[in-house]
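Enquirer: Pasting a structure below so you can have a look.
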Amino acid sequence: MLASEILLREVPKHLQVAVKANQLEVVGSIIRSTSSGRIVAHLQEARPMVELLSKVPGDPLTGVLNLAAQGAQIYQNEQIKSGIEALRQFQTAGLALNAASIGISIAGFAMLNHKIAALEAGIASIHSDLEKIDAKLDALWREPWARDCRSLRTLAEKLDESWFLTDGRGELADIANEAHELAGQFHRQAEDALESDAMFLVAVPAVEAFALASALRITARLAMDENKAALEASLSSTRKMSELLGSMKPAKAAVLELQARGDLLGTPEWDAEITKQRTRLVDPVSRLRTIEASSAARGVTLESLLEQGVSGRDWLETASREDKSPLLVWEVKD
């Protein structure tokens with residue numbers, strides 16, 4: 001079965017209406033019934049969205065809130081505007097801006113570079129705080145992080161180039177293996193960080209980087225038409241991410257931070273400090289939970305592709321070739 005035969009270029013109105021009425025809910029990149037849990041549709045990011053989001057400047061959240069307005073200015077195509085509005089309604093645009101993806105990642109080097117740069121920008125402030133607590137610990141962590149981010153960028157470039165090779169299977173196999181190894185390194189960094197309360201915040205970007213490397217691995221496997229291997233890689237990465245998140249205790253870290261500021265107890269500044277620590281420690285973990293949901297949903301889509309005999313490479317090529325709609329939809333028929 002060809003992907004072009006099942007992928008719709010617009011989100012059906014009845015799905016949008018049902019989501020708005022809370023009859024359906026969007027979980028990661030799947031739409032399911034709120035009453036029965038039955039999956040009714042799969043969402044898949046397409047090239048126009050990747051190109052648009054790679055241009056979103058500054059804070060990603062602000063970029064998402066202004067997405068529809070930017071789309072209207074950059075594109076005069078009604079299909080693109082409709083797709084962007086669906087992203088806003090389904091609250092899925094944020095997935096593509098962080099380490100997650102909508103469906104199976106088709107992000108090329110430009111988009112991945114954008115995501116890695118966002119991780120690096122966030123880590124700068126963490127370095128500043130960590131250096132004050134333990135300069136030696138910060139120095140030990142800083143170099144491996146910088147090295148692995150460089151490797152992640154290189155892999156993204158290789159994946160882009162592989163599409164132009166006459167026979168890219170060997171290159172894709174190498175990319176998948178290297179991405180697997182790199183994901184393992186980020187996973188170990190996250191595990192090590194979670195062993196120390198002082199390093200809690202370091203674990204957040206490490207998990208996000210793990211998700212990016214895992215997505216590259218899965219895309220490379222799918223580009224080889226190795227759907228089963230892609231599915232197994234997706235299930236494995238989701239399981240590992242869930243285990244890491246289960247070890248994260250943001251509330252405990254927040255309490256420790258507040259105890260250190262006990263001098264503020266009973267003052268007007270106390271509530272502001274609580275809000276500050278929630279934003280600093282609790283909100284990042286909520287973002288990781290969103291990535292976890294996206295990862296789990298990706299596995300559901302991969303399983304469906306396998307069951308229906310849809311070529312993984314054709315799926316990726318269809319999404320990458322699309323030039324009008326930022327969001328493609330596979331509606332599941334009864």
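Coordinate-derived values only; no laboratory data. Since we're looking at a predicted model, the values are computed, not measured. In this analysis, Cβ positions are derived from the backbone assuming ideal geometry, glycine residues included, and neighbour counts consider all displayed protein chains.
Enquirer: Ala41's amide H: which non-local residues (gap 5+, or another chain) put their own amide H closer than 5 Å, with H modeled 1.01 Å from N in plane and none for Pro or chain starts?
Expert: Here the answer is Ile31, Val332, since their amide H atoms fall under 5 Å of that of Ala41.
Enquirer: Shifting gears a bit: Can you give the extra length, in nm with one decimal, that the chain gains between Thr34 and Ser236 once fully stretched, where that is 0.36 nm per residue apart less the Cα-Cα distance?
Expert: On the way: separation 202, 0.36 × 202 = 72.72 nm, distance 2.68 nm.
Difference between extended and current length: 70.0 nm.
Enquirer: I would also like to ask the following. Quote to one decimal, in nm, the extra length available between Arg9 and Ala117 on full extension: 0.36 nm per residue of separation minus the C-alpha distance between them. Each step should come with its number before you reach the end.
Expert: Values: separation 108, 0.36 × 108 = 38.88 nm, distance 3.05 nm.
Going from the current span to full extension adds 35.8 nm.
Enquirer: Compute the normalised compactness of the stretch 139-254: alpha-carbon radius of gyration over 2.2 N^0.38 Å, N being the residue count. Let's see the in-between values first.
Expert: Working: Rg = 15.4 Å, N = 116, 2.2 N^0.38 = 13.4 Å.
Taking the Cα Rg and dividing by 2.2 N^0.38 Å, one obtains 1.15.
Enquirer: Listed highest first by mean packing, meaning other Cβ atoms within 10 Å per residue, what order do 224-233, 294-303 come in? List each step's numbers first, then the result.
Expert: Details: 224-233: 19.8, 294-303: 23.4.
Result, highest mean first: 294-303, 224-233.
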